[in-house]
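The values are calculated or read from the model by the stated rules, or taken from the named source; none is laboratory data. Just so we're clear, the structure is a prediction, and the values are computed from it rather than from any experiment. Every residue, glycine as well, gets a Cβ built from its backbone with ideal geometry; the counts of neighbours run over all protein chains shown.
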Amino acid sequence: MLVWGAGLVGAVVLAIAFLTSQETGAPPSLLPELQQAPRPVEAAVVAPERTAPVRATAPEQPGATVVSPSPGDVPPEPEVANAPAQPNDPIEEDQPQTARWKLEKTEHIASLLGRDVTRLEGEKQEARARGDTVRVEQVEALLQRHRVRLGELREEARLLTNAARNEPPEP
């Protein structure tokens with residue numbers, strides 16, 4: 001490890017010496033002679049002198065739009081430090097999650113999943129027609145998962161249908 005590190009440092013030193021000799025066009029032995037005081041470089045004028053930017057003056061506008069109150073408008077109350085808390089509206093209780101409610105939700109999810117299965121079957125046929133075997137395998141895996149879940153949802157819907165029949169009617 002130590003030998004490798006020393007070799008790497010030596011290679012870097014040689015590379016730097018070689019590159020600097022190529023930049024100057026002289027062999028490394030002549031480098032000390034070339035290290036004389038550099039000549040000053042004069043800058044060429046490329047762009048014209050800049051002038052101060054011109055700013056357009058915009059007409060003065062008020063900070064806020066003032067609208068006169070209409071008859072019947074109630075002005076807002078001024079804010080007061082340490083004002084009493086305002087009461088919130090009461091929160092409505094959740095509707096009971098009855099078997100009918102669960103059945104509706106389950107049937108809705110099953111219909112959405114059924115549409116997705118139909119769409120994926122079409123996509124699988126298109127991929128097969130293109131010869132895209134990778135996409136065919138991906139879609140087939142999705143279809144398999146969706147079909148299993150669809151079967152589970154249908155079974156759950158069947159059980160909920162029986163439970164919904166035994167529930168009392170909603171008021």
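Yes/no matrix, rows are residues, columns are (1) at pLDDT below 70; (2) outside any loop (DSSP other than H, G, I, E, B):
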position: SER21; (1), (2): yes, yes
position: PRO59; (1), (2): yes, no
position: ASN88; (1), (2): no, no
position: TRP101; (1), (2): no, yes
position: THR106; (1), (2): no, yes
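Of the residues that sit in the stretch 131-140 and are exposed (fewer than 11 other Cβ atoms within 10 Å of the Cβ) and not in a loop (DSSP other than H, G, I, E, B), which one is farthest from the chain's Cα centre (by Cα)? Top of the filtered list is THR133.
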